[in-house]
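Heads up: the structure comes next, in structure tokens.
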Amino acid sequence: MFYWLEIYIFPSPDERKKNFLLVAGIFQIPDAVLLNLMTTAGIASTDPTTTRLISLAAQKFLSGVAYDALQHCKVRTSNQSSKSHHGQSANHNGSNHSSNHRQERRTLTMDDLTPALAERGIAIRKPPYYE
């Protein structure tokens, strides 16, 4: 009779911290920028784990806002193009959009950014002199 024995070696807390710092260093806001922003906001921390954790949270927040703003931009531009073409295809030769592999360039506007931030509870209004 054969027995299968599996042994799991869990990393020590120091090894886990080192692995976290290596992984967190790949996708993050640069440390110098983050430390400047943290000191401006009144947060004084010299622990690299804390700063990288804040960096990851900020990166996640910013990428989520940018993604939502892109989705709003796509909806806005598709609504504008459908109104301008009155139901006609954008290609005048009758081919569909999938044959055209050219990527569109989009511009992030406040019209896209405002609802993306509003979903996260941040209200943005134009200054009174722009209204």
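Looking only at residues in region 100-131 that are of a type outside the set (A, V, I, L, M, F, W, C), in a helix (DSSP H, G or I) and more than 15 Å from residue 70 (Cβ to Cβ), the one that is modelled with the lowest pLDDT is 130. Could you give every pair whose Cβ atoms fall below 6 Å, whose first residue belongs to region 26-55 and is more than 23 Å from residue 16 (Cα to Cα), and whose second residue is among the basic types (Lys, Arg) and assigned to a loop (DSSP other than H, G, I, E, B), counting only separations of at least 6 or pairs across chains? Here the result reads none, with nothing in region 26-55 linked to a residue that is among the basic types (Lys, Arg) and assigned to a loop (DSSP other than H, G, I, E, B).
Looking across region 108-131, just one residue is loosely packed, with under 11 Cβ neighbours inside 10 Å and in contact (Cβ under 8 Å) with a residue 40 or more places away in the chain, and that is 120.
Residues are listed down the side, and each one gets a yes or a no for (1) assigned to a helix (DSSP H, G or I); (2) at pLDDT 90 or above:
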residue: 29; (1), (2): no, no
residue: 37; (1), (2): yes, no
residue: 45; (1), (2): no, no
residue: 49; (1), (2): yes, no
residue: 68; (1), (2): yes, yes
residue: 88; (1), (2): no, no
residue: 98; (1), (2): yes, no
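The values are calculated or read from the model by the stated rules, or taken from the named source; none is laboratory data. This structure is a prediction, so every number in the text was calculated from the model and none was measured. Cβ coordinates were reconstructed from backbone atoms using ideal geometry, including for glycine residues, and neighbour counts include every protein chain displayed.
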